[in-house]
1. Does any residue in the range A:354-378 that is outside the structural domain of A:THR32 (by TED's automatic domain parsing) come within less than 8 Å, Cβ to Cβ, of a residue that is in a helix (DSSP H, G or I) and exposed (fewer than 15 other Cβ atoms within 10 Å of the Cβ) six or more places away or on a different chain, and which pairs are these?
2. Looking at the range A:159-182 only, could you name the residues that are crowded, with 20+ Cβ neighbours inside 10 Å, closer than 22 Å to B:SER108 by Cα and either touching a strand residue (DSSP E or B) at 6+ places or on another chain (Cβ under 7 Å) or aromatic (Phe, Trp, Tyr) (or both)?
3. So which residues in the range A:292-306 are small (Gly, Ala, Ser) and surrounded by fewer than 20 Cβ atoms within 10 Å (Cβ to Cβ), if there are any at all?
4. Just give me the residues in the range A:129-152 being outside any loop (DSSP other than H, G, I, E, B) and either over 27 Å from the mean Cα position of the chain (by Cα) or farther than 24 Å from A:ALA52 by Cα (or both), in sequence order.
5. Starting from the range B:43-56, take each residue that is within 14 Å of chain A (Cβ to nearest Cβ) and list its partners that are of a type in the set (A, V, I, L, M, F, W, C) and assigned to a helix (DSSP H, G or I), counting only C-beta distances under 6 angstrom and pairs at least six apart or across chains.
6. Among A:GLY324, A:GLY335, which is within 14 Å of chain B (Cβ to nearest Cβ) and in contact with a Gly (Cβ under 8 Å, 6 or more places away or on another chain)?
7. Among the residues that make up the range A:21-39, is at least one of them surrounded by fewer than 18 Cβ atoms within 10 Å (Cβ to Cβ) and modelled with pLDDT of 90 or more?
8. With the condition kept exactly as written, say whether any residue in the range B:90-99 is assigned to a helix (DSSP H, G or I), at negative phi and more than 14 Å from every other protein chain (Cβ to nearest Cβ).
Amino acid sequence: MSIFKSLPFRNIAGKPVRSFVLVLLTALLSLTVMGGSLIVSSLRKGLDSLEARLGADVMVVPYEQATKTKIEDIVLQGSTGYFYMDKTFMDKVAEREGIGEISPQFYLASASSSCCSIPVQIIGFDPETDFTISPWIKRSYGKELGKLDVVVGNDLNAFVGDTLTFYGQECHVAAKLDKTGTSYDTTVFANADTIKALIQSSLDLKMNNFSDIDPDKVVSCILINAGEGYSADEVVNDINLHVKKVKAIKTKEMITGISDSLSGVSEVIGILIAAVWILGVVILLLAFTMSVNERKKEFAVLRVMGASRRKLAAIVLQEALITGIIGGIAGVLLGLLIVLPFNSVIEETLKLPFLLPGAGGIAVYSAAALIAAAAAGAAASGISAFRISRIDTGLILRGEN
Amino acid sequence: MKKSNTFEKLTEIILVLLSVILTAGVKFLFHACGQKEDGSWMHCHDAEQTVFVLGIMLTVMSVLMLIFSEEKKKRWIKIIMIPTALTAVFVPNILIHMCMMKGMRCLSVMRPAVIIISLLIAAAAAVSIYYGRKNKES
């Protein structure tokens, strides 16, 4: 009896090429499920994080900036840039009806830092009125930011205690934000005093296009949350109607494009997974059918030796399950090895918010991919197992079938 | 005994292949960021050069290991390969500071690729030592 128990393992070890091909196929199946679902869930998590990160209902920017795509590039894509408008607009907007919370922001793009040729987006905020950035910063840094203290995004290669130099001003890294999967990850945050000092330095060094601005009298944009009883649409319409030279934008509308792209990417990934699975399952089905046909005599001999019809089917199913589990594990490991270390490349390629799930989420996706691959192998071998349990031993051993 | 020999040989061939992939890859496939507009290089270029030199050392050692037939010499080469490969793991961003953003090529492509391949080299060398010892015992 024990020989029947160890038979599936012996069969797998005895036919290394066949077993390797089956393992490879199931590995491919679990890899596609693992990689695909991990990427799609990271994109969804990135979009959720982006919605939470925007944190304001309405954004007011200089009118000429709203006609360009620049503002969306800075806020959503993490491109660097800056623009300013007179601070008096802040008072004009604040006087309008339906304003709940209101806070200004200051944008500044750093020149290439000393280590490399990539500029960094610097965002300044007013800690007294801010309601969008402070909640994120408080998670990583409980204290107030001082002058020339900065908080860096998670994707910046700088750590607490480091010194970063922007426009000749040495800034102290006070905290590093948690990963958000959005353009926040590549941004440097500072209070209004620091930003004003940096704008002044950029003007002194003639590295800023706005030579005639006074850092004390400008803001880049105004963020607004609608007051109780008012909708974002009402606030947007009221500002656009009554305040000249500025444009109010509903932030939810800004992420519509990203949401559409995400749906498109998810759809493509879904189609690819389905295509690989259909192809993989068909090949597995053929592989098991051919393998069982080749081994009819072997199974007939086992039947003569006392193996029941059920036992023969169990041997085929067990072989499929073992190769499925080995392949599933290999696929999951390969998926993790591709998606986890190279997630920045995927993010850069897709140009969409990308936030990997936590360890628990990754474990769930891994288990699901492993179960799916093992089940696919077992299901594909089901027909062959059924057929082999119905063989006519006599006919096969006489060579008539 | 035959099986141990086959596995040992297989791990040795894998070691040669991985060392060649690390050496050629860090220059042509998963290289660091390019030159700046002014012609100068970023910090990560130093890391690329260092990994390249370590890759050459690993390649030479792995080829010598294949040439030598004496088990003791082979084992010592494999032992030396482990810290050499682990040094390559720590070169990007720990021993040599890399660029500013994680999305940049040196941090998003070169660093994970170097870490994975170097760890595989160290693991393959350890497995090869194990099979070498097993072979000797039997």
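The values are calculated or read from the model by the stated rules, or taken from the named source; none is laboratory data. Note that the structure is predicted; figures quoted are calculated from it, not measured. Heads up, the Cβs are rebuilt from the backbone with ideal geometry, glycines too, and the neighbour counts pull from every protein chain shown.
1. none
2. A:LEU164, A:LEU177
3. A:GLY306
4. A:ASP149, the sole residue that qualifies.
5. So the pair list comes out as B:CYS44/B:CYS106; B:GLU48/B:VAL26.
6. Criteria check complete, one pass: A:GLY335.
7. Yes; the residues of the range A:21-39 include at least one that is surrounded by fewer than 18 Cβ atoms within 10 Å (Cβ to Cβ) and modelled with pLDDT of 90 or more.
8. For the range B:90-99, residues assigned to a helix (DSSP H, G or I), at negative phi and more than 14 Å from every other protein chain (Cβ to nearest Cβ): present.
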